1. Using the structure shown, decide if ALA108 is touching a helix residue (DSSP H, G or I) at 6+ places or on another chain (Cβ under 7 Å) and modelled with pLDDT under 95.
2. Can you tell me which of (1) buried (at least 17 other Cβ atoms within 10 Å of the Cβ); (2) over 34 Å from the mean Cα position of the chain (by Cα) is the one ALA464 doesn't meet?
3. Looking at (1) loosely packed, with under 15 Cβ neighbours inside 10 Å; (2) more than 25 Å from ALA349 (Cβ to Cβ); (3) of a type outside the set (Phe, Trp, Tyr); (4) in contact (Cβ under 8 Å) with a residue 60 or more places away in the chain, which is the only condition ALA295 fails?
4. Answer yes or no as to whether ARG370 is within 17 Å of SER486 (Cα to Cα), modelled with pLDDT under 95 and surrounded by fewer than 19 Cβ atoms within 10 Å (Cβ to Cβ).
5. Would you check if there is a residue in the stretch 232-241 being of a type in the set (Gly, Ala, Ser), part of a helix (DSSP H, G or I) and out of contact with any Asp or Glu (no Cβ under 9 Å at 6 or more places or on another chain)?
6. Of these, LEU452, LEU427, LEU420, which one is part of a helix (DSSP H, G or I) and either open to solvent by 40 Å² or more (accessible area, probe 1.4 Å) or farther than 30 Å from LYS367 by Cα (or both)?
7. Residues being open to solvent by less than 50 Å² (accessible area, probe 1.4 Å) and under 16 Å from ASP381 (Cα atoms): count how many of those fall in the stretch 433-449.
8. Has the stretch 51-65 got at least one residue that is touching a residue at least 24 places away in the same chain (Cβ under 8 Å) and farther than 30 Å from PRO195 by Cα?
Amino acid sequence: MKLAVEGPFAPSIATERAGVAGVEELAPFDLRATYFDIPDLRLARSGITLRHRTGEADRAGWTLKLPVGHDSSSRDEIEFDRPGSEVPDEAADLIAAFVRNAVLTPVARLRTRRRRWSLRDSAGRELAELVDDRVSVLQRGRVTDRFRELEIEGRGIDRDGLERIARVLTENGAATAPQIPKLVRALGSRAIAPPEVVAPEVGPASPASEAVRAAIAHGVERIIGNDPRTRLGEVEALHQMRVGARRLRSDLRTFRTLLEPGWADGLRDELRWIGGVLGDVRDLDVMLGRLHRDAGELEPDLRPLFEALEARRAQARAALLDALRTARYTELLDRLVEGAGNPDVTAAAGAPSGQALPCLARRAWKKLERKASALGDDSRDEDFHRVRVLAKRARYGAEAVGPALGTKQARRFARRAAALQDVLGDLQDSVVARQTILDVAREHADAGRFNLAAGRLVERERRAGSGARARFPAAWERLDRKKLVSWMNGT
């Protein structure tokens, strides 16, 4: 948390209201940092910083800061203990989706004279470190700018605790300040320019081409933004990245009459490839989570099952990382970024969104309606799975065109389609789980306790599937309503 201060400063915050019982001044630092980016400041504009810093004996030289979600003021720090001034391979890998074929180069050099204080509670435990930084911006060895800031870094307290300390500091001469990284202050307005991919605002009067751009941009943001954390192994980031690839494929299908076929089909093929590699890992994450949940007290006897699935996941993750490091993936990202700004559209995309888009969503709905209405108690699991796929396409179609149409009905339709998709997803997951358990059991035919537990788990999954089938009619009835889909008829 950053604050501003002018003139002499010595912290006076040992108060009960701040929760601080003692303040100890620490040894000062003389820090020199070099920040790396590409010439268009693509990293800084996305809330990412990469620096090499000297002056702290107990800290690694390299630090990469990644934003947490969409909150650019909150960032995770990843340190790399590597010598020299060349960007570590591990750091370069994590930002490869942003850099792609560009070249990282020094974009700013800062010298910081830092005073520090340790803030402690009554038991002597460190709560936070307060630093007073006087920063000089250097170019060719000359100082071109100076600024000063206070920062409170939590050690043993949460955000609320930091805010309590900050309030007391402001009562003693400090002032609130924008939560701007030092690099952004050094580089100025260029570092706060919009990121590389920005979705345009669209409405019914906007050309349909702008709705296409917006949908593609949202998908590209989802893929590139979650790429670093997917490489780090975060489950949710992987899920979101896969959703981004799936949505983009679906959006290109939804808008196909507005897009040049060769351009769109080529992208869809490549998105199918990367989506498949992501899906191989994601499906195993879902499967492992489901089986751990359903196994309950049987889990100790099901060790061969979980060991087999973990081994498969390790192989799938290794294949994913290999794919993310290929020129093929880099080229796909370049094409997607270009498409987010300038998709290859047909003349029909010049029509107003209010006229051109409703029929595109209606096409996906009609396919879903025809298949879902035909399902019955004796329908095969494969038939239900096909309806699940169509429900997903109808939902994505509504979410792709809905923002441009500005109708609440489209959002409501998408929510109910998602609910139907969840019900059918539970059924499909139970089908896949049963088959997976049986496949592993065949490889351990002589393991009596395991096979007994596996049989009981199969039965649990069968009951879960039956329950999902039983919930389908109600979920479908909530979606299959004329009033809910009337927006697809246009104006």
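The values are calculated or read from the model by the stated rules, or taken from the named source; none is laboratory data. Given the structure is predicted, the values throughout are model-derived calculations rather than measurements. Methodologically, a virtual Cβ is constructed for each residue, glycine included, from the backbone with ideal geometry; neighbour enumeration extends over all protein chains shown. The protein model used for the area step is the full one, side chains on, heavy atoms only, and it has no ligands, DNA or RNA in it. Shrake-Rupley method; radii C 1.70, N 1.55, O 1.52, S 1.80 Å.
1. Numbers: touching a helix residue (DSSP H, G or I) at 6+ places or on another chain (Cβ under 7 Å): yes; modelled with pLDDT under 95: yes.
Here the answer is yes, as ALA108 does meet what is asked.
2. Condition (2) is where ALA464 drops out.
3. (1)
4. Values: within 17 Å of SER486 (Cα to Cα): yes; modelled with pLDDT under 95: no; surrounded by fewer than 19 Cβ atoms within 10 Å (Cβ to Cβ): yes.
Taking the combined requirement at face value, the residue does not satisfy it.
5. Filtering the stretch 232-241 down to residues of a type in the set (Gly, Ala, Ser) leaves 233, 237.
Okay, now just the ones that are also part of a helix (DSSP H, G or I), so 237.
If we keep only those that are out of contact with any Asp or Glu (no Cβ under 9 Å at 6 or more places or on another chain) as well, we get none.
No, there is no match, as no residue in the stretch 232-241 is of a type in the set (Gly, Ala, Ser), part of a helix (DSSP H, G or I) and out of contact with any Asp or Glu (no Cβ under 9 Å at 6 or more places or on another chain).
6. Working: LEU427 fails: either open to solvent by 40 Å² or more (accessible area, probe 1.4 Å) or farther than 30 Å from LYS367 by Cα (or both); LEU420 fails: either open to solvent by 40 Å² or more (accessible area, probe 1.4 Å) or farther than 30 Å from LYS367 by Cα (or both).
Being part of a helix (DSSP H, G or I) and either open to solvent by 40 Å² or more (accessible area, probe 1.4 Å) or farther than 30 Å from LYS367 by Cα (or both) holds for just one of LEU452, LEU427, LEU420, which is LEU452.
7. 3
8. Within the stretch 51-65, the subset touching a residue at least 24 places away in the same chain (Cβ under 8 Å) is 51-52, 55-56, 62, 64-65.
Still in the list and also farther than 30 Å from PRO195 by Cα: 55-56.
Among the residues of the stretch 51-65, at least one is touching a residue at least 24 places away in the same chain (Cβ under 8 Å) and farther than 30 Å from PRO195 by Cα, which makes the answer yes.
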